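Trainee: Handing you a structure now.
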């Protein structure tokens, strides 16, 4: 991955930190204090000779180019006063022209937008007023006058302008003010033009990694929490549900209530909750349902394992229940021994260090950067509810045969071509799905929209509903036509709808399209990853003819689609 | 006050986060810093001096190492890890 760094100050330390931390990245450091020139050269698809390219293989090299895309990621970190001239006057307490400032912001934004065409994604650091600058004091937020007011306005304008591109993300500088004791290093500034502290560079580096993880669908999606002294104060087995501490007029109880509110808030952005606790299930559910101050209720949890078994095994079972990989899980427990056990047994599960005192729980939770994601779709917002519906489906399935159950849930499938309304969710699904994924092709939203717009290519989305609720857009299939052949490029289905034969419908549907287009065959080539065994299992049972990793259906035969779907093609 | 050697160890560890695998420093007396054959380039050296200064400052010792470096380090106190450690230890004694 090639990452370009453009800044008005010397951020070479950041470049070195990233490079030496992770050999996957090649860092292109543009000369500092030449922001406009650097952006123009990126727009022109050119890395100037003055760039340092830090490659893990051989140290510094000059001017290496030649890939299709100039940069996979561009990180742009500037101070407002150095790229917006009129704003510098503002810091010198001169009278300023707000329109002129905003025009300069517009020009700067246009340059970034142009540079975006040569980059996979762009991260732009938001602007802050220099932290030591008192500004106009009590008037500093006065409309169109104070420095704070003007910088806020500039950030809003920048954000509005850059929203035209789906692959530009504005990184909020403010969050580092909370994370770092020292932002600046004045001695390094006067000696090397390195303005920021090592501490800040470290935090920014971590933030870049977390954002890259988010872009590639590696953000965490499930929080597994313990109960006693994690979700509430006290030991349920000792004090009974009436005696546990939540809310009330007790500061510890208030802290647990706040922690629960914070957990609940995360469900609104698509993070699932599950319980893993050493307790008697009946007693724990009684506490959850009966305690008047409980914020989280039974329906807020996608699943649980409340028993006396090993927590590592319980977490494996929870992951199976919700069809997520262990790398999607965060485990929160007040007990360091349990945390160590899970961290050692299941290294893919993220087990954050947890504060000793409940008053810090909310802060610890909401400052986790592992949920970083490029977007939050409507489906995400409904996801927690969907998993509760899924739990109910599972309960019904226990009483019927599989086929009877599939008929009983009254599935409705909507098939639609990729369009501006569904492309964000489609990008998410393509980038997040690991298990039922033919090729695990990862691309930014812009990249795959560009791909789908080519005349020989097509991308179809599948939305699944049943009598329990709407599972949303949970399937994507894309293909390209070559001669008389349909080549399936992506075949992706969310784990949320696995076990409902949706994959048979998806395959049948494209075979039908291939027949209508009078093609000879449909070809699917499986690309193995360490996680996509489920799609291979399906392909092997699908009736397609196998030739090494390629599966073929000849179009002179019909593919049988099960009859329990009500299909609508939009 | 912690021992200078421990402080040096921490500073080298911190600096090595930015050094390539080929140029990691070792906390051994002969490791060159501001002398020919050093694994540090100018930014690396300044960063290292800055880290040491900050660590000394956290221990309550204000010392302008960057100033010595800017004057060309006439006595070669920053030539190697060994000479630098010795210099810092002597400074500590003087300040006591």
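None of the figures in this text is laboratory data; all of them are computed from the coordinates on show. Just so it is clear, the model here is predicted, and its values are computed rather than measured. Counting neighbours? That spans all protein chains shown, and the Cβs are built from the backbone with ideal geometry, glycine included.
Trainee: How crowded by other chains is B:11-21, given as the mean number of beta carbons from other chains within 10 Å of each beta carbon? Walk me through the intermediate numbers first.
Mentor: Details: counts 0, 0, 0, 2, 3, 1, 9, 12, 4, 10, 4.
Average per residue, whole number: 4.
Trainee: Separate question: Please determine, in degrees from 0 to 90 and to the nearest 10, the orientation of helix B:4-16 with respect to the longest principal axis defined by the Cα atoms of chain B, where the helix direction is its Cα long axis.
Mentor: 30
Trainee: Same structure, new question: Mind pulling the angle between the C-alpha long axis of helix B:81-95 and the longest principal axis of chain B? Nearest 10 degrees, somewhere in 0 to 90.
Mentor: 10
Trainee: Expressed in nm to one decimal, what extension gain is obtained for the pair residue A:396 and residue A:533 from 0.36 nm per residue of sequence separation less their Cα-Cα distance?
Mentor: Result: 46.6 nm gained on full extension.
Trainee: For the stretch B:4-95, just say rounded, prolate or oblate: build the C-alpha gyration tensor, square-root its eigenvalues into a ≥ b ≥ c, call rounded for a/c under 1.5, and beyond that prolate if a/b exceeds b/c, oblate if not.
Mentor: The shape class here is prolate.
Trainee: Roughly speaking, what is the stretch gain from residue A:138 to residue A:419, that is 0.36 nm per residue apart minus the C-alpha to C-alpha distance, in nm to one decimal?
Mentor: That pair, residue A:138 and residue A:419, stretches by 96.3 nm at full extension.
Trainee: Residue by residue through A:14-21, how many Cβ atoms from other chains fall within 10 Å of the Cβ on average?
Mentor: 4
Trainee: What is the calculated FRET efficiency for residue A:107 to residue A:364, with r their C-beta to C-beta distance and R₀ = 45 Å, to the nearest 0.05?
Mentor: 0.60
Trainee: What percent does the relative contact order of chain A come to when contacts are Cα pairs within less than 8 Å and at least six residues apart?
Mentor: The normalised contact order for chain A reaches 9 percent.
Trainee: Return B:88, A:231, A:215 ranked ascending by Cβ neighbour count within 10 Å, so the fewest neighbours appear first. It would help to have the intermediate numbers written out before the result.
Mentor: Working: B:88 21, A:231 27, A:215 24.
Starting with the residue having the fewest Cβ neighbours, the order is B:88, A:215, A:231.
Trainee: Under the classification rounded if a/c is under 1.5, otherwise prolate if a/b is larger than b/c and oblate if not, where does chain A fall, given a ≥ b ≥ c as square roots of the Cα gyration tensor eigenvalues?
Mentor: Oblate, since a/c reaches 1.5 and b/c is not below a/b.
Trainee: Next question. Show that you can apply the helix-only estimate: for the protein assembly as shown, add -39,500 (n - 2.57) for every DSSP H stretch of four or more residues, divide by all residues, and state [θ] at 222 nm to the nearest 500.
Mentor: Result for the protein assembly as shown: -12500 deg cm²/dmol, rounded to the nearest 500.
Trainee: Between the alpha-carbon centers of the stretch A:90-146 and the stretch A:263-296, tell me the distance in whole angstrom.
Mentor: Computed from Cα coordinates, the inter-centre distance equals 44 Å.
Trainee: Something else about it: Please arrange B:49, A:409 by counting, for each residue, the other beta carbons lying within 10 Å of its beta carbon, fewest first.
Mentor: Ordered from fewest to most neighbouring Cβ atoms within 10 Å, B:49, A:409 come out as A:409, B:49.
Trainee: Evaluate the distance, in nm, between pseudo-label points positioned 7 Å from the Cα of residue A:95 and of residue A:485 along their respective Cα→Cβ axes.
Mentor: Here the answer is 7.3 nm between the modelled labels.
Trainee: Let's test the formula: R0 of 25 Å, r as the Cβ-Cβ distance of residue A:317 and residue A:558. What FRET efficiency results, to the nearest 0.05?
Mentor: On the way: r = 40 Å, r/R0 = 1.60.
The value I calculate is 0.05.
Trainee: Then there's this: So, R0 is 60 Å and r is the distance between the beta-carbons of residue B:13 and residue A:44; what FRET efficiency does that work out to, to 0.05? Walk me through the intermediate numbers first.
Mentor: Values: r = 42 Å, r/R0 = 0.69.
Efficiency for this residue pair is about 0.90.
Trainee: Rank the residues A:451, A:189 as a footprinting-exposure proxy: fewest other Cβ atoms within 10 Å of their Cβ go first.
Mentor: Final ranking by Cβ density, sparse to dense: A:189, A:451.
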